[in-house]
Amino acid sequence: MTRAYSNRIGLMADSPNFPAAWDQVVEKVKIADELGYDSIWLGESWGYELFTSMADLVRATKRIKIGAGIANIYSRTPALIASTIATLDERSGGRIILGLGPSGANVIEHWHGVPFHKPVQRTREYVKIIRMILRGEKLVYHGEIFNFDRGFKLRFTPPRTEIPIYIAAMGPKNVVQSGEISDGVLPVYWPGNKWGVMREQLDEGARIAGRPPHSAMIAPYITTIILSENATEEERAAARFAAASPLAYYIGKMGVYYAQMLARNGYGAEVEAVQEGWKQGMKGGVGAVSPELLDATSIIGTPQEIVTKLDQWVAAGVDEPVLAIPGGTPDEAGPTLAALMQALKG
């Protein structure tokens with residue numbers, strides 16, 4: 001079976017938000033590069049700085065795309081983000097993808113000290129301004145949030161004047177807007193039986209902007225745990241608990257966006273159960289994650305089991321799946337990545 005999407009599989013690098021063996025992360029990314037994975041994505045919250053780590057990967061790899069997933073739209077100006085990704089794109093030979101998103105009020109206001117104001121409109125203006133700068137236009141812009149009159153221009157010509165911009169969108173307004181202005185979206189914990197809903201919203205935005213349908217790709221971050229072919233029931237149970245832990249945290253402790261998104265998509269009772277479970281602490285929250293909710297938002301299994309579920313999700317609307325890079329050392333992760341790629345190509 002030929003899977004066209006096998007050439008569009010991305011990976012999330014180990015979270016750079018906490019102290020980690022970064023040299024091992026780099027080695028695993030180099031293995032992914034050699035195996036033919038399409039992209040590698042790095043996140044940012046209140047830990048390691050995003051673009052510094054991306055620069056490390058630029059120097060360590062040859063062909064894999066390197067994504068900012070995501071840079072928030074409050075802590076850096078549009079011009080700074082534009083000049084940063086243009087620089088990285090030059091140094092990488094045109095391999096950078098920019099992911100943008102509002103993050104959340106807690107991080108923006110209590111880490112960066114910036115008011116969390118009009119995130120959807122701010123996203124629109126960031127995308128517009130960044131694209132103007134990358135195209136070498138004079139920065140004369142009058143928006144609701146930003147106003148520029150002096151006509152500054154980027155002082156070098158980037159190798160690409162159109163760098164892909166993906167948006168971390170979950171709310172209906174932001175998803176529709178992403179269909180208007182972006183090259184893709186990076187949803188997290190969007191239920192696997194609702195990809196058609198997201199495609200309808202994106203294509204509505206495309207219609208509003210006069211763009212063709214499917215102008216914006218769906219590139220979800222998917223909690224993924226790859227098991228060996230002879231995994232025991234105990235190992236499967238441990239993997240499901242490990243996958244449920246971040247899901248419970250996002251529902252109960254990462255503001256309201258994820259809980260509201262899941263409730264809108266038919267998982268209101270499951271969300272309420274997790275929130276109720278958190279009253280007994282983290283174990284209570286994780287224990288309250290239902291099998292149905294976990295299966296709708298994650299992929300756990302052997303390489304072939306993962307590919308079977310990916311086939312279903314791609315058929316339902318996913319364009320560019322972004323999977324979790326395997327844990328462990330590079331020597332442990334390498335064979336797992338190779339087995340998954342073999343299953344994808346099989």
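The values are calculated or read from the model by the stated rules, or taken from the named source; none is laboratory data. Quantities reported herein were computed from a predicted structural model and do not represent experimental measurements. Virtual Cβ from ideal backbone geometry, glycine too; neighbours counted across all protein chains shown. The accessibility values were calculated without ligands, DNA or RNA, using every heavy atom of the protein model including side chains. Shrake-Rupley method; radii C 1.70, N 1.55, O 1.52, S 1.80 Å.
Couple of notes before you dig in:
- Tally, over segment 265-281, of residues that are within 23 Å of the chain's Cα centre (by Cα) and free of Cβ contacts under 8 Å to residues at least 60 places away in the same chain: 1
- Leading residue by the ranking (farthest from I97 (Cα to Cα)) among those in segment 144-193 that are among the β-branched types (V, I, T) and not in a helix (DSSP H, G or I): I145
- Some residue of segment 241-249 being of a type outside the set (K, R), farther than 22 Å from W195 by Cβ and not in a helix (DSSP H, G or I): no
Per-residue answers, yes or no, for (1) farther than 19 Å from V120 by Cα; (2) touching a Pro at 6+ places or on another chain (Cβ under 6 Å); (3) at pLDDT below 95:
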| residue | (1), (2), (3) |
| --- | --- |
| G179 | no, no, no |
| D183 | no, yes, no |
| V188 | no, no, no |
| P191 | yes, no, no |
| W195 | yes, no, no |
| D203 | no, yes, no |
| H214 | yes, no, no |
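- A216 vs. criteria open to solvent by less than 70 Å² (accessible area, probe 1.4 Å), within 17 Å of P187 (Cα to Cα) and touching an Asp or Glu at 6+ places or on another chain (Cβ under 7 Å): yes
- Which numbered condition G67 misses (of (1) under 22 Å from I9 (Cβ atoms); (2) over 16 Å from the mean Cα position of the chain (by Cα)): (2)
- Only residues that are of a type outside the set (A, V, I, L, M) and part of a helix (DSSP H, G or I) were counted in segment 42-65, giving 5.
- K279, sole failed condition from (1) over 30 Å from E229 (Cα atoms); (2) surrounded by 14 or more Cβ atoms within 10 Å (Cβ to Cβ); (3) among the charged types (D, E, K, R): (2)
- Any chance R207 is basic (K, R) and closer than 30 Å to P335 by Cα: no
- Some residue of segment 196-209 being more than 17 Å from the chain's Cα centre (by Cα), outside any helix (DSSP H, G or I) and surrounded by fewer than 18 Cβ atoms within 10 Å (Cβ to Cβ): no
- Taking the conditions (1) in contact with a Pro (Cβ under 9 Å, 6 or more places away or on another chain); (2) crowded, with 16+ Cβ neighbours inside 10 Å; (3) more than 28 Å from N147 (Cβ to Cβ) in turn, G94 satisfies each one other than (2).
- Which listed residue is free of Cβ contacts under 8 Å to residues at least 60 places away in the same chain and open to solvent by less than 30 Å² (accessible area, probe 1.4 Å), from G285, G317, G301: G285
- Pairs where the first residue, in segment 58-79, is more than 13 Å from I97 (Cα to Cα) and the second is among the aromatic types (F, W, Y) and surrounded by 24 or more Cβ atoms within 10 Å (Cβ to Cβ), C-beta under 6 Å, 6+ apart: I73/Y126; P78/Y126
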